[in-house]
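Everything on this sheet refers to the single structure shown next.
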Amino acid sequence: MYIKRHYGFWITLGWSKMPFILGAVYSLLILGIADFFEINMAFPWQPVSVIGIAVAFYLGFKNNSSYDRTWEARKIWGSIVNNSRSFAAATIAFVQGENALEIKKEMIFRHLAWLTALRHQLRLSREWEHTDERLNNRYSPTICEDYNTKLFSELSEFLSADELAYLQTKSNVATQLMRMQAERLQALKDQDYIEDFRHMELHQLMVSFYEDQGKSERIKNFPFPRQYASTALWLTMVFAVFVPFGMMDVFHAHDAWLHYLSPLISGLVIWIFFLMEKIGDYSENPFEGTYNDVPITSIARGIEIDLKEMLDLESIPKPIQAEKGFLM
């Protein structure tokens, strides 16, 4: 996620320059053909502007829908932050008895393992995501073998060898970790480490974790409907095809030197519309690991710091720092 106040102009241009370049070249080609063969290829601007208005409305709809997906993802992880703190505080306060300190650490570390597994799973690639523009060397790999290696290497800090061996046989590690947590919670109740009422409170918090995981997986595994995403692109292309002809009509009555500025203006108009389309396109998938996603790695590290400090551990990791304005 980019965290500076604004994207710089050159960053924005570098990210979206191809529509401007292609639009300007295409417009220059149309103007050159018209002048060389002395053909009047101008098209009335009014119908072109009507198409532009329709495309702008559609792009606005797409961008709003895409932003809703990103904002929902951020709210889900905000809920995970709040409930994680509540779970850790309740565990520390509620668990009583022999070896209580070790049990508290075990429960909280298993929760941190769940967080780790969930964020790794959410970084796995989907074919509709922009996998070729992921931030290099910052997110979990796209290959399942490398994913497993990195995931279980991190999980080894929080889980026993037996738990790790068991989880390696499962496809959804985060789901199984929460199930193991629920079983352990029931065992603690049976052994009188926690009371019935407190057991129910902790269990309800785990239900909320399952809900947040399911909501995250829904966004990850269900793409923005392709008919909306595709139609926005094709409509923008149709509009871009007509722009140079409409600009020739607009500049036809002006001085000759203004007439030859029409390819530049056409390229600028085409760039603006494609830039709006790309903004929506890159906001659809908030967990794909590119510049505009939700920084779940940083959020998970913040939770880990809070929970380890609640346990009064000596080894506390540092917050993840932004690099060149980007936060994981």
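Just give me the residues in the range 24-53 being hydrophobic (A, V, I, L, M, F, W, C), open to solvent by 40 Å² or more (accessible area, probe 1.4 Å) and not in a helix (DSSP H, G or I), in sequence order.
First pass over the range 24-53, keeping only residues hydrophobic (A, V, I, L, M, F, W, C): 24-25, 28-31, 33-34, 36-37, 39, 41-43, 45, 48, 50-51, 53.
Add one more test, that the residue is open to solvent by 40 Å² or more (accessible area, probe 1.4 Å), and what stays is 25, 28-29, 33, 36-37, 39, 41, 43, 45, 50-51, 53.
Within the range 24-53, 37, 39, 41, 43 qualify.
Would you check if residue 305 is open to solvent by 30 Å² or more (accessible area, probe 1.4 Å) and over 12 Å from the mean Cα position of the chain (by Cα)?
Numbers: open to solvent by 30 Å² or more (accessible area, probe 1.4 Å): no; over 12 Å from the mean Cα position of the chain (by Cα): yes.
When the stated conditions are applied, residue 305 does not pass them.
How many of the residues making up the range 192-231 are open to solvent by less than 70 Å² (accessible area, probe 1.4 Å) and within 20 Å of the chain's Cα centre (by Cα)?
Residues in the range 192-231 being open to solvent by less than 70 Å² (accessible area, probe 1.4 Å) and within 20 Å of the chain's Cα centre (by Cα): 13 in total.
Checking residue 75 against (1) in a helix (DSSP H, G or I); (2) open to solvent by 50 Å² or more (accessible area, probe 1.4 Å); (3) touching a residue at least 12 places away in the same chain (Cβ under 8 Å): exactly one of these is not met. Which one?
(3)
Against the conditions (1) open to solvent by 30 Å² or more (accessible area, probe 1.4 Å); (2) in a helix (DSSP H, G or I); (3) farther than 20 Å from residue 173 by Cα; (4) not aliphatic (A, V, I, L, M), where does residue 91 fall short? Just the number, please.
(1)
Just give me the residues in the range 54-68 being of a type outside the set (Gly, Ala, Ser) and open to solvent by less than 30 Å² (accessible area, probe 1.4 Å), in sequence order.
Keep residues of the range 54-68 that are of a type outside the set (Gly, Ala, Ser), which gives 55, 57-59, 61-64, 67-68.
Passing the criteria: 55, 59, 62.
Could you list all residues from the range 102-125 that are outside any helix (DSSP H, G or I) and out of contact with any Phe, Trp or Tyr (no Cβ under 9 Å at 6 or more places or on another chain)?
Of the range 102-125, the ones outside any helix (DSSP H, G or I) are 124-125.
Within the range 102-125, 125 is the sole residue that qualifies.
Identify, by number, the condition in (1) touching a residue at least 24 places away in the same chain (Cβ under 8 Å); (2) closer than 28 Å to residue 85 by Cα; (3) among the polar types (S, T, N, Q) that residue 266 doesn't meet.
(2)
In this structure, is residue 296 in contact with a Leu (Cβ under 9 Å, 6 or more places away or on another chain), open to solvent by less than 30 Å² (accessible area, probe 1.4 Å) and modelled with pLDDT of 95 or more? Show your work before the answer.
Values: in contact with a Leu (Cβ under 9 Å, 6 or more places away or on another chain): yes; open to solvent by less than 30 Å² (accessible area, probe 1.4 Å): yes; modelled with pLDDT of 95 or more: no.
Spelling it out, it is not the case that residue 296 is in contact with a Leu (Cβ under 9 Å, 6 or more places away or on another chain), open to solvent by less than 30 Å² (accessible area, probe 1.4 Å) and modelled with pLDDT of 95 or more.
Considering each of 75, 62 in turn, give the residue that is modelled with pLDDT of 95 or more and basic (Lys, Arg).
Working: 62 fails: modelled with pLDDT of 95 or more.
Testing whether each residue is modelled with pLDDT of 95 or more and basic (Lys, Arg) leaves just 75.
Tell me, please, whether a residue that is open to solvent by less than 30 Å² (accessible area, probe 1.4 Å), touching an Asp or Glu at 6+ places or on another chain (Cβ under 6 Å) and more than 26 Å from residue 120 (Cα to Cα) can be found in the range 264-274.
No, that holds for no residue.
For the range 318-325, indicate whether the set of residues that are in contact (Cβ under 8 Å) with a residue 60 or more places away in the chain and either closer than 21 Å to residue 215 by Cα or not charged (D, E, K, R) (or both) is non-empty.
Yes, the range 318-325 contains at least one residue that is in contact (Cβ under 8 Å) with a residue 60 or more places away in the chain and either closer than 21 Å to residue 215 by Cα or not charged (D, E, K, R) (or both).
Give the range 162-219 a look and list any residue that's among the aromatic types (Phe, Trp, Tyr) and either in contact with a Gly (Cβ under 8 Å, 6 or more places away or on another chain) or within 27 Å of residue 72 (Cβ to Cβ) (or both), or say none. Spell out the reasoning first.
First pass over the range 162-219, keeping only residues among the aromatic types (Phe, Trp, Tyr): 166, 193, 197, 209-210.
If the condition is that a residue be among the aromatic types (Phe, Trp, Tyr) and either in contact with a Gly (Cβ under 8 Å, 6 or more places away or on another chain) or within 27 Å of residue 72 (Cβ to Cβ) (or both), then 193, 209, 210 are the ones that fit.
Using the structure shown, decide if residue 84 is buried (at least 17 other Cβ atoms within 10 Å of the Cβ) and either under 24 Å from the mean Cα position of the chain (by Cα) or within 30 Å of residue 267 (Cα to Cα) (or both). Steps first, answer last, please.
Working: buried (at least 17 other Cβ atoms within 10 Å of the Cβ): yes; either under 24 Å from the mean Cα position of the chain (by Cα) or within 30 Å of residue 267 (Cα to Cα) (or both): yes.
Yes; evaluated as a whole, the condition is true for this residue.
Under 17 Å from residue 113 (Cβ atoms), open to solvent by 20 Å² or more (accessible area, probe 1.4 Å) and assigned to a helix (DSSP H, G or I), is that true of residue 179?
Values: under 17 Å from residue 113 (Cβ atoms): yes; open to solvent by 20 Å² or more (accessible area, probe 1.4 Å): yes; assigned to a helix (DSSP H, G or I): yes.
Yes.
The values are calculated or read from the model by the stated rules, or taken from the named source; none is laboratory data. Computed from a predicted model, the values in this text were never measured in an experiment. Reconstructed Cβ throughout: ideal geometry from the backbone, glycine too, with neighbour counts over all protein chains shown. Heads up: the accessible areas ignore ligands, DNA and RNA and are worked out on the full protein's heavy atoms, side chains in. Shrake-Rupley method; radii C 1.70, N 1.55, O 1.52, S 1.80 Å.
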